[in-house]
1. So which residues in the range 135-151 are under 18 Å from residue 47 (Cα atoms), assigned to a loop (DSSP other than H, G, I, E, B) and either charged (D, E, K, R) or modelled with pLDDT of 95 or more (or both)?
2. Give the residues of the range 333-352 that are in contact (Cβ under 8 Å) with a residue 40 or more places away in the chain, assigned to a helix (DSSP H, G or I) and among the small types (Gly, Ala, Ser), sorted by residue number.
3. Output the residues belonging to the range 265-276 that are part of a loop (DSSP other than H, G, I, E, B) and under 30 Å from the mean Cα position of the chain (by Cα).
4. When you go through 71, 61 one by one, which is the residue that is at pLDDT below 95, surrounded by fewer than 17 Cβ atoms within 10 Å (Cβ to Cβ) and of a type in the set (S, T, N, Q)?
5. Only residues that are out of contact with any strand residue (DSSP E or B) (no Cβ under 9 Å at 6 or more places or on another chain), surrounded by 13 or more Cβ atoms within 10 Å (Cβ to Cβ), assigned to a helix (DSSP H, G or I) and not small (Gly, Ala, Ser): list them for the range 79-116, please.
6. Scan the range 103-129 and report the pairs whose first residue is of a type in the set (Lys, Arg) and whose second residue is in a loop (DSSP other than H, G, I, E, B) and modelled with pLDDT of 95 or more, with Cβ atoms within less than 7 Å and a gap of 6+ or a chain change.
7. Pull out all pairs, ordered by first then second residue, where Cβ-Cβ is under 6 Å, the residues are six or more apart or on different chains, the first lies in the range 17-45 and is within 16 Å of residue 189 (Cβ to Cβ), and the second is in a loop (DSSP other than H, G, I, E, B) and among the charged types (D, E, K, R).
Amino acid sequence: MRIARNLEEGFFEYREEVRDEVKRIIDDVRQNGDEALKRYTSRFDGVSLKDLRVDFKIEETEIGEIKAIKTSIDNVKKFAEKQLEHFKNIDYEIAPGVFTGQRVIPIERVGIYVPGGRYPLVSTLIMCAVPAKVAGVGEIVICTPPSYRGTVHPVILAVVGLIGVHEVYAVGGAQAIAAMAYGTETIKKVDKIVGPGNRYINLAKKEVFGAVGIDFIAGPTEILIIADETSNPEIIAADLLAQAEHDVDALPILVTNSTELAERVQKEVKSRVEKLQTKDVAGKTMEKNGVIVLVDSLEDAVTIANRRAPEHLELQVKEPGKYVDKIKNYGTLFIGKLAAVALGDYSSGLNHTLPTNTGARYTGGLSVKDFLKLQTALRVTEKGIKEIGPVAKTLAKIEGLDGHARSIEVRIKKEGDGGTSI
C-alpha cells in the first residue's frame, strides 16, 4: 500500500470499458435462447445443464446460520418498510379545478442477479429481494451461476424460500442478463434487472438498458476512509483489508492529514494481511490499488471524497459531526470508529448494493424506491381549464406548436356557445 500526496486526475474520472464481447453474447442469447444459455454455461462454468430452472425449498442448515440470516432479512425488511412510508399516493388540487395526482405502483416483474463463487452470496440476495418484496413486486426472478456442485448453493435456496422468491435459474454471466432482458423459451423477460456483478455483468446491464430498467452499475467495491491523528490504525487497516479481499480490482483508500497515522496504517496492513484466509486476494489488491493520500487538512479530505464519490465512505475523526453535512457524494456513510462497513453489508438493515465508479455523484444505493413506479395523473374541471389553459396556450405559441395551442382552445368553454364538454 503506497503513500501519496498527489492524485492523478484519472483517479476522479468514470472508467469506461469496451463491451464488444458482451454484446456478442447478448445477441447470441436473443437469437438462440435456451440453447445459447446452456452452451455458455458449459463454456464458462463447466456445467452441462439439463434444466435451467431450479426447484427450491428451505434446506436444512445450521441453526446459527438460519438465525443470523433471519435477523438480517428482518432488519432489511424493517428499513425498507420505513422507506416505503415516504412514498404515498397523492391527490392534490394544485389550482382551482386542477387535480393532480400520484400513484405509487410496484414494478410487476424484477430480475435479480446474484454473483456466484466458492461461497454463497446470501447478503446480495437479501439486499435485492427483500426491498422488492416490501415494495410489492409481483414476480421476483433470481439468476445465479451453478457454481456449487453444478447447481445453486443450498443456502441460497434456503434464503429464496424464506424471502418468497418466485423463480430461480442456474444461469450466470452476461448471458443471464440477456435472458432476463429479452427472454428465452424458459425464462420470461423481466421489467427491471438489479444486483451487482463483475465487469461482464456491468457491461451487459449497460447494453440491455432501455429494453429493461436497471438499478445502476455496481462494480468492484470501494472504500474511502477519512481519518485524523486520533484514529485507530488497527481498525482502519482491518476495514481497508475487508474491502480488499473482495477481488483484485477493489479500491481501498485512506485519506488523512496525519503522516504518523499513514505510516502506522501502512505497517498494520502488512501485518494483518498475512493473517487473513483471503490474503492472496487482499494482498494483491492492496499492492495494486491500495493508497494512503496525505492532505494538509480534513477539509481537503472532504473535497477528495466528494470528487471521488466512493461506494463506502468512513468518517473516523475526532469530531465527525463537523464534516457530515459537508460530505455530499457516497453510497453509504459510516460515522465513527464503531460503524464498520461489514455491518452495512450484513446486519444493520441498510442496503449494501451501492453505486461505484463515481456513480454516487448522481444516485444512492438500492432501496425500495427502485422497485416502485411513481405515476402521475391529471383531472381538470371547466373551472380548471380556464385557470391553466391560457398558460399552456401561451407557452405552446412561444414554442411554435400550434397544434398544442389548438388542443387547449377546443377545450375552453366559449362564452355564449355552450362550449365543449369536459
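The values are calculated or read from the model by the stated rules, or taken from the named source; none is laboratory data. Because the structure is predicted, anything quoted here is derived from the model rather than measured. FYI the Cβ positions are ideal-geometry reconstructions off the backbone, even for glycines, and counts take in every protein chain you see.
1. 144, 145, 146, 149
2. 342 - this is the single residue of the range 333-352 that is in contact (Cβ under 8 Å) with a residue 40 or more places away in the chain, assigned to a helix (DSSP H, G or I) and among the small types (Gly, Ala, Ser).
3. 276
4. 61
5. So in the range 79-116, the residues out of contact with any strand residue (DSSP E or B) (no Cβ under 9 Å at 6 or more places or on another chain) come out as 79-83, 85-86, 95-96, 115.
Going one step further and asking which of them are surrounded by 13 or more Cβ atoms within 10 Å (Cβ to Cβ), we end up with 79-81, 83, 95, 115.
Next, only the ones that are assigned to a helix (DSSP H, G or I) stay: 79-81, 83.
Listed by number, the residues that qualify are 79, 81, 83.
6. If the second residue must be in a loop (DSSP other than H, G, I, E, B) and modelled with pLDDT of 95 or more, the pairs left are 103/89; 109/138; 109/190; 109/191.
7. Every condition considered, the pairs that remain are 33/185; 34/185.
Here is a yes/no grid of residues against (1) more than 30 Å from residue 270 (Cβ to Cβ); (2) at pLDDT 95 or above; (3) in contact with a helix residue (DSSP H, G or I) (Cβ under 6 Å, 6 or more places away or on another chain); (4) buried (at least 23 other Cβ atoms within 10 Å of the Cβ):
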{"site": "166", "(1), (2), (3), (4)": "yes, no, no, no"}
{"site": "170", "(1), (2), (3), (4)": "yes, yes, no, yes"}
{"site": "175", "(1), (2), (3), (4)": "yes, yes, yes, yes"}
{"site": "187", "(1), (2), (3), (4)": "yes, yes, yes, yes"}
{"site": "204", "(1), (2), (3), (4)": "yes, yes, yes, yes"}
{"site": "226", "(1), (2), (3), (4)": "no, yes, yes, yes"}
{"site": "233", "(1), (2), (3), (4)": "no, yes, yes, no"}
{"site": "236", "(1), (2), (3), (4)": "no, yes, yes, yes"}
